[in-house]
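Participant: Have a look at this one before I ask anything.
The values are calculated or read from the model by the stated rules, or taken from the named source; none is laboratory data. Just so it is clear, the structure is predicted and the values come from calculations on it, not from any experiment. Reconstructed Cβ throughout: ideal geometry from the backbone, glycine too, with neighbour counts over all protein chains shown. Quick note on the areas: whole protein, heavy atoms, side chains included, nothing else; ligands and nucleic acids left out. Shrake-Rupley method; radii C 1.70, N 1.55, O 1.52, S 1.80 Å.
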Amino acid sequence: MKEIDELNLPGDVYYSPEHEWARKEGETVKVGISDYAQDQLGDIVFVELPDVGAILEKGEEFGTLESVKAVSEIYAPLSGEVVAVNKTLVDAPELLNEDPYDNWIIELRPSVEDEYDELLSRDDYLALLQG
Amino acid sequence: MTTEKTAVRKTVLFDWHLANHATMAEFGGYQMPLWYPSGAKHEHRTVLTGVGLFDTSHMGVLTVAGEAAWSLLQHCFSRDLRTCIGIKPGPLTPGRCVYGLFLRENGTVLDDAIISQLGPERYLVVVNSGMGPIVREHLLLHANGPVDVADRSGRIGKIDVQGPAAALVLEGLLGDPDKVLSDMIYFSCKGDVEEGPTAVLLRDKTPILLSRTGYTGEFGFEIYLPAAATVSVWEQLLAAGRNREIAACGLASRDSLRTGAVLPLSHQDIGDWLFQNTPWSFVLPWDETGQRFSKSFIGAEGLSAARDKSYTYPFAGYDPRKIPVTDKTVVLDRHEVAIGTVLTCTTDMGIDRVGEQIVSIVSPESAGRPADFLARGLSCGFVKTNRPCVAGEQVRLTDGKRSVPVEIRRDIRPDRTARRSMREMRNQEMRGETR
């Protein structure tokens with residue numbers, strides 16, 4: 001397991017307390033899981049994705065990740081409509097372990113303006129992990 | 001009242017695990033590795049194709065010795081020591097090992113164990129982590145003659161060397177590999193946990209007890225050795241395997257390998273319910289009729305008087321999807337009737353379905369493995385039901401949120417190597433079959 005200072009926590013994404021990240025790309029936001037989350041889960045063997053068009057509320061469960069030992073829910077870091085899902089993860093879930101920031105899970109069109117700004121910065125998230 | 005916590009124990013390999021960045025967790029009162037940075041999937045597959053090392057120094061180890069040792073074990077253990085070895089069953093003898101259970105009077109499982117006979121009146125009893133004192137107390141309670149039951153837990157190191165290349169790696173450490181290995185059949189042992197004329201010596205003169213048993217369903221060995229020598233031997237094994245596929249393995253791959261091999265996890269797949277109608281009923285001392293027990297033993301009356309029937313079955317899914325095992329997790333039959341609970345649900349990462357057939361990454365192509373086979377893994381585990389099921393029956397596991405269709409199976413992971421001949425496994429290298 002990685003020490004806190006070994007975690008890859010890029011500054012160009014924002015984080016949720018549930019260990020998802022969000023990155024604004026124009027009108028939409030890509031969503032994935034943090035390096036901390038993938039490290040805690042271990043080998044991810046299955047990813048269950050939502051349907052394109054699904055309407056999510058902030059904090060709503062939108063899919064599951066299965067690692068060797070556990071089944072974990074993934075929660076929407078902000079409200080919006082799912083406009084795309086990363087289907088490459090269906091056949092290659094291990095990509096989330098290999099590079100959790102390049103391999104996004106869903107793409108959302110946000111429906112609540114301020115929610116993105118309420119997410120945690122890198123420093124805030126690091127402070128949360130450090131307890 | 002004090003609130004002092006019991007200290008979590010460490011095996012002698014604890015510092016090695018930390019130095020090699022293992023993800024650690026508490027298990028059975030010990031801090032143990034779950035997996036190392038290469039991941040549980042890699043570790044699981046390495047045991048199928050190469051060799052994996054498991055630190056099992058947390059297991060409980062007892063020695064039972066003396067005039068009354070045999071009668072004590074015969075009374076407390078679920079195997080009939082007169083008829084537990086071989087196809088035409090013969091007695092447990094020095095150099096042989098047997099798997100079985102210690103049951104409570106009511107027929108529930110206290111623990112499972114492997115007993116190795118070391119000498120005429122001397123046995124090694126290996127139980128699960130933290131169970132050494134409990135099983136020792138259980139044995140002493142039933143002793144009826146001169147017998148010494150000593151709990152060696154923590155003082156004996158233990159390393160499991162598992163996988164098709166296990167003998168080839170072990171050869172590099174043994175002082176006289178041909179003498180030790182050549183005639184070692186499945187569930188046999190050589191050496192002792194104490195120095196003496198019967199000891200098997202490594203090249204560095206470390207005395208070991210070597211048994212051809214294991215955790216995983218694959219070909220391999222368990223090495224018992226003085227605790228102080230454990231780290232050195234562990235590193236020597238890794239060095240001996242450096243030109244092969246070798247991996248240190250944690251508890252996650254132990255669980256997935258065991259489940260895929262239809263081996264129970266103690267206190268999870270067998271535990272505080274009657275031991276009956278299980279895939280492991282061969283550990284009960286049935287007589288030739290298969291209707292009665294061939295001896296009286298602790299738990300026999302409880303089992304015979306049992307009225308509440310339950311049934312344990314292995315299952316395999318159709319993809320890697322699992323179900324969390326909680327109080328809400330149930331088994332539904334095809335009429336949506338709840339018929340039981342889930343005991344274990346994990347993923348065997350070395351198998352997948354080709355059509356309806358389950359194939360392993362090590363299955364020969366002649367057994368149906370496509371040349372370009374890439375196993376995604378299959379969920380598998382054990383259910384406990386309130387009615388009999390048949391192999392092939394489709395059931396559904398659900399926790400109320402998700403639903404996973406699975407199939408009741410007799411077996412899960414094909415082409416396991418545990419029982420292959422020593423000659424075949426030692427000759428693999430010449431044929432280039434291990435990496």
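Participant: How large is the direction-averaged shadow of the alpha-carbon convex hull of chain A, in nm²? Intermediate values should be presented prior to the final figure.
Facilitator: Values: hull surface 29.1 nm².
In nm², the orientation-averaged hull projection of chain A is 7.3.
Participant: Further, regarding this structure: Give the accessible surface of chain B per residue, rounded to a whole number of Å², with probe radius 1.4 Å and ligands, DNA and RNA excluded.
Facilitator: I get 42 Å² per residue for chain B.
Participant: Still on this structure: Percent of accessible area on the protein assembly as shown owned by carbon and sulfur, 1.4 Å probe?
Facilitator: On the way: 11960 of 24510 Å².
It is 49 percent, rounded to a whole number.
Participant: Tell me, what is the per residue accessible area of chain A in Å², probe radius 1.4 Å?
Facilitator: Values: 6100 Å² over 131 residues.
Averaged over the residues of chain A, the accessible area is 47 Å².
Participant: Translational diffusion coefficient, Stokes-Einstein: compute it for the stretch B:1-132 using the Kirkwood radius over C-alpha pairs as Rh, at 4 °C and 1.567 mPa s, and state it as an integer in µm² s⁻¹.
Facilitator: Details: Rh = 17.4 Å.
Result for D is 74 µm²/s.
Participant: Right, next: Restricting to Cα pairs below 8 Å that are 6+ residues apart, what does the relative contact order work out to for chain B? Please round to a whole percent. Each step should come with its number before you reach the end.
Facilitator: Numbers: 1019 pairs, mean separation 76.9, N = 435.
With pairs under 8 Å counted, the relative contact order is 18 percent.
Participant: What quantity of accessible surface, computed with a 1.4 Å probe and excluding non-protein components, is buried in total between chains B and A, in Å² to the nearest 100? Write out the running numbers ahead of the final one.
Facilitator: Working: alone 19220 and 6950 Å², together 24510 Å².
Summing both sides, the interface buries roughly 1700 Å².
Participant: Given a Förster distance of 41 Å, report the FRET efficiency between B:Arg242 and B:Lys401 from their Cβ-Cβ distance, rounded to the nearest 0.05. Working shown, then result.
Facilitator: On the way: r = 46 Å, r/R0 = 1.12.
Step by step, r from the Cβ atoms, then E = 0.35.
Participant: Next question. Charges only on Cβ, +1 for Lys and Arg, -1 for Asp and Glu: so what's the dipole of chain B about the Cα centre, in debye to the nearest 20? The partial results should precede the final answer.
Facilitator: On the way: 50 positive and 51 negative charges, 126 e Å.
Value, rounded to 20: 600 debye.
Participant: If you don't mind, there's one more thing I want to ask. For the protein assembly as shown, would you read off the P(r) tail past 30 Å as a percentage of all alpha carbon pairs? Intermediate values should be presented prior to the final figure.
Facilitator: Numbers: 88884 of 159895 pairs.
Here the tail beyond 30 Å accounts for 56 percent of pairs.
Participant: Which of B:Gly381, B:Gly90, B:Gly217 moves most in a GNM of chain B, Cα contacts under 10 Å?
Facilitator: Of B:Gly381, B:Gly90, B:Gly217, the Gaussian network model singles out B:Gly90 as fluctuating most.
Participant: Given 0.36 nm per residue, what is the gain on full extension from A:Leu126 to A:Glu94 after removing their alpha carbon distance, in nm? List each step's numbers first, then the result.
Facilitator: Details: separation 32, 0.36 × 32 = 11.52 nm, distance 2.43 nm.
Between A:Leu126 and A:Glu94, full extension yields an extra 9.1 nm.
Participant: How many percent of DSSP beta bridges within chain B run antiparallel, rounded to 5? Display every interim value, and only then the final one.
Facilitator: Working: 84 of 91 bridges.
Beta bridges within chain B, antiparallel portion: roughly 90 percent.
Participant: Please compute the modelled spin-label separation between B:Ala367 and B:Ser421, points set 7 Å along Cα→Cβ, answer in nm with one decimal.
Facilitator: Rounded to a tenth, the inter-label distance reads 1.8 nm.
Participant: With point charges of +1 on the Cβ of Lys and Arg and -1 on the Cβ of Asp and Glu, referenced to the Cα centre of the protein assembly as shown, which listed residue (B:Pro33, B:Gly157, B:Gly350) lies farthest in the positive direction of the dipole?
Facilitator: B:Gly157
Participant: Right, another one. Once you place label points 7 Å from the Cα toward the Cβ at A:Asp114 and B:Arg410, how far apart are they in nm?
Facilitator: Result for the modelled spin labels: 6.6 nm.
Participant: Related question: Give the cross-link partners of B:Lys322 among the lysines, using a straight C-alpha distance below 17 Å as the criterion and excluding same-chain residues fewer than 8 apart.
Facilitator: Reachable lysines: A:Lys69, B:Lys41, B:Lys384, B:Lys401.
Participant: Where the only charges are on Cβ atoms (+1 Lys, Arg; -1 Asp, Glu), what is the dipole of chain A about its Cα centre, to the nearest 20 debye? Please report the intermediate quantities before stating the final value.
Facilitator: Values: 9 positive and 32 negative charges, 30 e Å.
Taking the Cα centre of chain A as origin, the dipole is about 140 debye.
Participant: For chain B, place one equal point scatterer on every Cα, skip the solvent, and apply the Debye formula. What is log10 of I(q)/I(0) at q = 0.07 Å⁻¹?
Facilitator: The Debye formula, applied to the Cα set alone, gives -0.34.
Participant: Not counting ligands, DNA or RNA, and with a 1.4 Å probe, what is A:Lys58's accessible surface area in Å² rounded to the nearest 10?
Facilitator: So the heavy atoms of A:Lys58 present about 100 Å² to solvent.
Participant: A follow-up question, please. Can you give the extra length, in nm with one decimal, that the chain gains between B:Leu201 and B:Val337 once fully stretched, where that is 0.36 nm per residue apart less the Cα-Cα distance? The partial results should precede the final answer.
Facilitator: On the way: separation 136, 0.36 × 136 = 48.96 nm, distance 5.81 nm.
43.1 nm is the gain from fully extending B:Leu201 to B:Val337.
Participant: Over chain A, what relative contact order in percent results from Cα pairs under 8 Å that are six or more residues apart?
Facilitator: Across chain A, relative contact order equals 30 percent.
Participant: If you don't mind, another one. Measure out, as a whole number of angstrom, how far apart the alpha-carbon centroids of the stretch B:53-109 and the stretch B:113-139 sit.
Facilitator: 7
Participant: Highest mean first, what order results for B:72-81, A:111-120, A:76-85 on Cβ atoms within 10 Å? Each step should come with its number before you reach the end.
Facilitator: Values: B:72-81: 22.5, A:111-120: 13.4, A:76-85: 20.5.
Descending packing order for the listed peptides: B:72-81, A:76-85, A:111-120.
Participant: Also: Which whole-number percentage describes the relative contact order of the stretch B:1-157, with Cα contacts under 8 Å and a sequence gap of 6 or more?
Facilitator: On the way: 268 pairs, mean separation 40.3, N = 157.
With pairs under 8 Å counted, the relative contact order is 26 percent.
Participant: Given Cβ point charges of +1 (Lys, Arg) and -1 (Asp, Glu) and nothing else, what value in debye, to the nearest 20, does the dipole of the protein assembly as shown about its Cα centre take? Display every interim value, and only then the final one.
Facilitator: Numbers: 59 positive and 83 negative charges, 607 e Å.
It works out to roughly 2920 debye.
Participant: Now, a different point. Can you tally the net charge around A:Val85? Count Lys and Arg as +1, Asp and Glu as -1, for every other residue whose Cβ sits under 14 Å from the Cβ of A:Val85.
Facilitator: On the way: positive: A:Lys30, A:Lys87, A:Arg109; negative: A:Glu48, A:Asp51, A:Glu81, A:Asp91, A:Glu107.
Value of the local net charge: -2.
Participant: Let me ask something else about it. What distance in nm lies between label points placed 7 Å from Cα along the C-beta direction at B:Glu26 and B:Ser38?
Facilitator: 3.1
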